Amino acid sequence: MATNSAKLRPRLKLSMHFEPRYVMTEEPSPEEVVHWQRRLASQANNRASSLSEQPARKAAEDEEMLNAAHAAMYFWSIVGNTNNQAHAAQALGITLSP
């Protein structure tokens, strides 16, 4: 009887659905990588600076400021010039000062 009930049960088909626009089909070009690294560096540096200018911050904002300053320093060390790196170092120094 177990074999008869197994025959009557519908079988489930599992399928994975991926949106093609979200699937990365090829490696980005070196120019695209540099573009995104510069963009991330700039945004992180700007975020760290804007948080540092706030007269009062919550503990979570202090942590975000520190993370943003480190991210800026990291990305500018890869794709920035000495001026970019100096701004990132300044943001990091302000973040680490009491």
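What follows is calculated from the coordinates using simple rules that are stated; it is not laboratory data. Since the model is a prediction, treat every value here as computed from it, not as a measurement. Neighbour counts run over all protein chains shown; Cβ positions are idealised from the backbone, glycine included.
Condition first: aliphatic (A, V, I, L, M), at negative phi and surrounded by 14 or more Cβ atoms within 10 Å (Cβ to Cβ). Can you find one or more residues in the range 54-62 that meet it? No. When the range 46-84 is limited to residues that are assigned to a loop (DSSP other than H, G, I, E, B) and among the charged types (D, E, K, R), the one that is farthest from Thr95 (Cα to Cα) turns out to be Lys58.
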